[in-house]
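The values are calculated or read from the model by the stated rules, or taken from the named source; none is laboratory data. Keep in mind the model is a prediction, meaning the values are calculated, not measured. Glycine gets a Cβ as well: all are built from the backbone with ideal geometry, and neighbour counts include every protein chain shown. Side chains are part of the model used for accessible areas, which takes the heavy atoms of the whole protein and leaves out ligands, DNA and RNA. Shrake-Rupley method; radii C 1.70, N 1.55, O 1.52, S 1.80 Å.
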Amino acid sequence: MKFFQAFFILLFFCFSFYKAQELPKEIYYQFSYHKNVEYKNDTITIRIENPLFCPLRIRLFSDYLKGENFIDDTLKVMVNENSFAEIKIFAKNIDVEKVKFNINQAFGDVHKVIKQNNFALPFPRGKTYKIMQSNKGSFSHDDDYNKYAVDFDMKTGDTITSADDGFVVGVIKDYEFGKDDKKWTPYSNFITIYHPQSGLFTQYVHLKKNGSFVKVGDAVKRNQPIGSSGATGFASGEHLHFNVLVPEKDKTLKSMPFSFENNLSSKSLKKNMKVTNK
């Protein structure tokens with residue numbers, strides 16, 4: 001009897017491990033916005049509504065409209081926070097069924113002047129954590145989006161706090177697993193916060209499943225608890241990936257150097273250093 005119990009327990013853990021290695025079948029998005037396309041009086045009107053507390057850059061393209069010479073190239077529009085924008089295209093005698101738009105969006109206004117400021121450490125006062133990966137780390141801080149990020153060796157369930165006042169503009173919370181494999185990069189839980197006073201964005205990545213305490217649209221304060229750490233997505237283990245980002249022209253966001261309180265520069269943080277939030 002004990003043999004069969006041990007066998008089924010082992011089978012259960014093997015099955016759970018196998019499930020954990022499968023890439024998620026569902027893709028989640030950190031925010032949503034409303035768009036409406038109408039054709040009337042020989043004019044296509046595209047209305048895009050932005051519900052976020054940050055600007056959105058929208059890019060639209062239609063192979064059909066370009067092929068029929070109604071547009072020259074990709075259309076670009078800035079939609080301010082909590083606002084909408086309309087694009088009108090005069091297009092007479094078109095086949096409406098063939099009009100398909102490829103629409104992409106990116107956070108932020110590249111023309112906004114960025115103001116540097118010192119961030120609070122992204123964990124509660126009195127806590128100490130070791131640096132797991134520093135700026136330009138070869139494991140995953142090797143591209144423009146992650147170059148100046150800092151990884152803190154936080155355990156699953158540890159509290160994450162906001163690095164500054166701002167607004168939550170992105171949340172993903174429904175992924176459960178992670179793996180040391182770049183294929184898992186799109187499947188991490190995270191929070192994105194916009195800081196209008198500086199024009200910067202901060203991201204808090206690899207949260208555990210349902211580990212976000214906030215939702216899109218929430219206003220947050222500096223040092224406010226916002227989530228729980230985990231190991232979802234592309235991760236070699238449980239930790240917090242903290243990144244400061246700025247809008248990049250014709251792209252999305254890019255990582256940039258930053259400083260914490262007491263002039264603690266992100267560039268000065270090295271692997272295995274211990275950092276205390278005093």
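For the reader, a short list of remarks on this structure follows.
- Global form of region 97-234, assessed from the alpha-carbon gyration tensor, a/c cut-off 1.5: rounded
- If the chain linking S236 and K215 were pulled fully straight, counting 0.36 nm for each residue of separation and taking away their Cα-Cα distance, it would gain 4.9 nm.
- Cα gyration tensor shape for region 187-278, rounded if a/c is under 1.5, else prolate or oblate: rounded
- In this rough spin-label picture, where each label sits 7 Å from Cα along the Cβ direction, the R125-N262 distance is 1.3 nm.
- Measuring against 28 Å, Cα to Cα, the residue pairs K155/K278; K35/K115; K100/K179; K66/K183; K40/K66 contain K35/K115; K100/K179; K66/K183 as the ones spanning a longer distance.
- Remark: the chain carries 55 Å² of accessible area per residue (probe radius 1.4 Å; ligands, DNA and RNA excluded).
- Take every pair of alpha-carbon atoms less than 8 Å apart whose residues are at least six positions apart; their mean separation over the length of the chain yields a relative contact order of 20 percent.
- Accessible surface of region 52-98, 1.4 Å probe, proportion on carbon and sulfur as whole %: 45 percent
- The H on the amide N of A91, modeled in the peptide plane, is under 5 Å from the matching H of T43, I44, each at least 5 residues off or on a different chain.
- Each Lys and Arg adds +1 at its Cβ and each Asp and Glu adds -1 at its Cβ; summed about the Cα centre, region 111-237 shows a dipole of about 260 debye.
- Using a probe radius of 1.4 angstrom, the carbon and sulfur fraction of the accessible surface of region 114-230 is 49%.
- Estimated FRET transfer efficiency (V113, K274; beta-carbon r; R0 22 Å; 0.05): 0.05
- In this Cβ point-charge picture (+1 for Lys and Arg, -1 for Asp and Glu), region 25-77 has a dipole of about 240 debye about its Cα centre.
- Candidates L56, L253, L264: whichever shows maximal mean-square fluctuation once the chain is modelled as a Gaussian network with Cα springs under 10 Å: L264
- Amide H contacts under 5 Å for F119: S259, F260, E261, restricted to partners 5 or more places along the chain or on a different chain, H placed in the peptide plane at 1.01 Å from N.
- The heavy atoms of I172 present about 10 square angstrom of accessible area, all protein chains included, probe 1.4 Å.
- Taking the centroid of alpha carbons for each part, region 19-52 and region 151-224 are 21 Å apart.
- Here the spin labels are modelled as points 7 Å beyond Cα on the Cα-Cβ line, and at Q197 and R222 they lie 0.6 nm apart.
- Calculated FRET value between Y28 and F84, using beta carbons and R₀ = 22 Å, to 0.05: 0.35
- Calculated semi-axes √(5λ) of the Cα gyration tensor in Å (choose from (1) 30, 23, 17; (2) 24, 24, 19; (3) 38, 27, 16), label: (3)
- The amide H of G227, built 1.01 Å from its N in the peptide plane, has I160, F213 as neighbours under 5 Å, considering only residues 5 or more places off or on other chains.
- Whole-Hz ³J(HN,Hα) from phi, Karplus 6.51 cos²θ - 1.76 cosθ + 1.60, for region 197-211, glycine and proline x: 5, 10, x, 9, 10, 10, 10, 10, 10, 5, 4, 6, 4, 6, x
- Measuring only protein heavy atoms, the 1.4 Å probe finds T185 accessible over about 80 Å².
- In a reduced charge model with +1 at each Lys and Arg Cβ and -1 at each Asp and Glu Cβ, the chain shows a dipole moment near 920 debye about its Cα centre.
- Rounded to the nearest Hz, the phi-derived 3J(HN,Hα) couplings of region 44-58 under the Karplus curve 6.51 cos²θ - 1.76 cosθ + 1.60 (θ = phi - 60°) are 8, 10, 10, 10, 10, 9, 9, x, 7, 8, 8, x, 10, 9, 10, where x marks glycine and proline.
- Under the Karplus curve 6.51 cos²θ - 1.76 cosθ + 1.60, θ = phi - 60°, whole-Hz ³J(HN,Hα) for region 240-248, x wherever Gly or Pro sits: 10, 9, 10, 9, 10, 10, 9, x, 10
- Using the Cβ-Cβ distance between K183 and D63 with R0 set to 41 Å, the FRET efficiency works out to roughly 0.90.
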